[in-house]
Every structure is written in C-alpha cells, then in structure tokens.
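For reference, the structure discussed in these notes is given below.
The values are calculated or read from the model by the stated rules, or taken from the named source; none is laboratory data. Note that this is a predicted model, so its numbers are computed, not measured. Note that each Cβ is placed from the backbone with ideal geometry, even for glycine, and that neighbours are counted across all protein chains shown. Remember, those area values only see protein heavy atoms, side chains included, never the ligands or the DNA or RNA. Shrake-Rupley method; radii C 1.70, N 1.55, O 1.52, S 1.80 Å.
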Amino acid sequence: MQRVFSGIQPTGIPHLGNYLGAIRNWVTLQKDHDCFFCLVDMHTLTMPWTPRALREQTLGSTACLLASGIDPTRLYNQSAVSAHARLGWIFDCVSRLGWLNRMTQFKDKAGKHRENHSAGLYVYPNLMAADILAFHATRVPVGDDQRQHLELANDIAQKFNHDMGVDFFPHIDPLIPPHAARVMSLRDGSKKMSKSDPSAQSRLVLTDTADEIAQKIRRAKTDPDALPSEEAGLEGRPEARNLLTIYAAMTDTTLSDVLASFGGQGFGSFKSALADMLVEKLAPVAHETRQLLKNEDHLLHVLRTGAERARSVSEPIVSEAERLVGFLR
Ligand code: TYM
C-alpha cells in the first residue's frame, strides 16, 4: 500500500481552498492508502502567532478535519513527534541557500522587509521535506501552491542519497487535483483564497453558517456581463471562472456542464444556486465541527493516539537517517 503524507497549518479554520485543494482528496485517499495527516503546528511559528490562538486553532482544525471525514487514527500534530524536528535539522544542512532563495512562497510571505522575518520562515521548505520523508511517503496530496516546495523536497532527498552514497529516501509524487487546485479569493480573482487575507469576506470557512455563506457569495466580486455558455467566454473573467469552478468541483461535474446549465444567465440566479448548494454541502461539516469542539478531551485523545502511530513509523526511519549521517547512539 502506498504511503501518503500531507499537512495543514493550524492558523485558522480551514477554508474552501484547503477543502478542494487538499482535504477532500485526503478523505478519498485514506480508503486505500497508508495515510498520515498532520497539523503542522511547528510551521505555524514561522509567522507571528500567539500561544492561545495556536492552541485554539489546533483544536478547531482537528475538529474541522474530523467533521470533514478524516479518519481520527491518521491525524496528529507535528510538534508531538520529534522525528520532524530531528530530520528537519539534517535537511537544513543538506538544502542549499541557492535553492531556498528561489522559493516564491518565502518571497510572497516575507515581502520587502525580509530582515524582520524569522529564520524559520526561510527554512520552512526544509521542514516540510522532513515531514514527508520522515515517513518515506511517496504521494503528497496538496493544492497547486505547494508544487515548488515538493520539487525542493525531491532535490533534498536526492542530495542526501547522493552525499551519503545510499538509496534511502524515495521520490515524492505530488497529487494535485486537476480542477480547483487553486481556489481564488471571493474579493479578488487574481489572489488565491488564503487564511491570512485580512478580509474574512474573501474566503468561505468550513464553519460558516448558512447566512454567512449566502452573504459572502452574494457579495463575491463579479463582472457586469451574463455568464457565457462556453469556456472561451471566461477569458479575462477570473472571478466568474472561480465561482463556476467552485460550483463544478463541489458538485463533481465539469466546468462545461456548469456553463451549459447557467450560460446566458446573470450572476444573480447563479449566485443563489451556488449559495444553496454550498449551504447544503457545508452546513453538516459546520454542525459536526461545533459538536466535536464541545469535547476537548476527545480531540486531545485523537491527536495523542495519532502521534503514537506517527512515532512508530517515523522513529526507525529518522534513526536510520541519523546513523547514515554519522551520529553515534
Ligand atoms: P496550508 O496550510 O497553506 O494549506 C493546506 C492545504 O490546502 C491547500 N490550499 C489550497 N488549495 C487550493 N486553493 C487554495 N486557495 C488553497 N490554499 C491552500 C494547500 O496547497 C495545502 O495542500 N506548507 C503547507 C503545509 C505542510 C505540508 C507539509 C503539506 C507542511 N508540511 C508536508 C504537505 C506535505 C501549507 O502551508 O499548507
């Protein structure tokens, strides 16, 4: 059985982009793959955080992932399993500054004032490579924005193998969904939907109420033209394309099916159909998340049990990596 690893930052409640780009595929893959799903709380320290928010958001994300259908035995938080930090350090010493300098996410997140950002933000992709390779995972379901990080993980694995003269770390294949791998902001079709966008109107989160969903969709940015009947008519209309893509992905149909149904109509009627469909699909997740959040002990138990399982698999792999680099035990 192939091993799958993926992670999500507990920086807030997962949004529709996280769901369509990653979580939904995790739920499918866990049926016939050996899966590990990780709340990457160590990665969360790479940007400003508060201890209280981190605790609350880790619990909130745990509840939300379980409500979305993730198998509780496969979920844990990164900091509870020391293999991540240990292999992360080794990879800090394998990875090259030149490689890290090319990472577009670092450039986006650090902006103009790089000097004020943490060293952790810079080496973020090394820890991500360690997350995956500590399990010898070969398949990594992610959204499109993680593609470059996975290429770097493969470079690190190859250099480690080459430098140590072994064939130890496997090649990683990204599993990026063919559609909706990059869900865009509801306020600006040129920006991806993101937890860090200051406008809550820019994203649908999985705990939004029916009213919030309807209101966010009603206010979503669009253009004055009617919907086209063919894909070519979406050229230069990123907001329209985004809403139609969301509709198609959530209903497991194609963009051309959706265009065939709504082409020629104004945004008013399409938006109300979109909101109704989203409420129907997301309201049960929001309800279940709220139920799960009432029992914090259960959520902590899930994370502890998941961490034990994660330790049992990653410990021998990382111990072997440590032996290979020359550490004595
Ligand atoms: P994070 O927390 O930003 O996002 C979690 C997952 O959601 C996907 N995603 C999106 N997909 C489509 N449209 C969007 N607008 C959108 N926004 C986010 C992301 O691609 C991701 O799959 N670095 C990772 C976490 C991580 C990880 C790992 C992932 C740490 N270690 C090892 C895989 C393997 C991140 O920040 O994801």
Kindly indicate whether Asp208 is more than 10 Å from the ligand (Cβ to nearest atom), touching a Phe, Trp or Tyr at 6+ places or on another chain (Cβ under 7 Å) and either under 30 Å from Leu292 (Cβ atoms) or part of a helix (DSSP H, G or I) (or both).
-> no
Any hit, segment 246-258, residues being assigned to a helix (DSSP H, G or I) and under 19 Å from Thr209 (Cβ atoms) = yes
In segment 137-157, is there at least one residue being of a type in the set (Ser, Thr, Tyr) and open to solvent by 60 Å² or more (accessible area, probe 1.4 Å)?
-> no
Within the group Val123, Val142, which residue is more than 17 Å from the chain's Cα centre (by Cα) and in contact (Cβ under 8 Å) with a residue 24 or more places away in the chain?
-> Val123
Of everything in segment 25-50 that's closer than 26 Å to Leu243 by Cβ and within 10 Å of the ligand (Cβ to nearest atom), which residue is surrounded by the fewest Cβ atoms within 10 Å (Cβ to Cβ)?
-> Asn25
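Yes/no per residue for (1) within 14 Å of the ligand (Cβ to nearest atom); (2) among the acidic types (Asp, Glu); (3) closer than 30 Å to Ser312 by Cα; (4) without any contact (Cβ under 8 Å) to a residue 12 or more places away in the chain:
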| site | (1), (2), (3), (4) |
| --- | --- |
| Leu127 | yes, no, yes, no |
| Leu150 | yes, no, yes, no |
| His162 | no, no, yes, yes |
| Gln201 | no, no, no, no |
When only residues in segment 63-90 that are within 14 Å of the ligand (Cβ to nearest atom), touching a Pro at 6+ places or on another chain (Cβ under 9 Å) and touching a residue at least 60 places away in the same chain (Cβ under 8 Å) count, which is least open to solvent (accessible area, probe 1.4 Å)?
-> Cys64
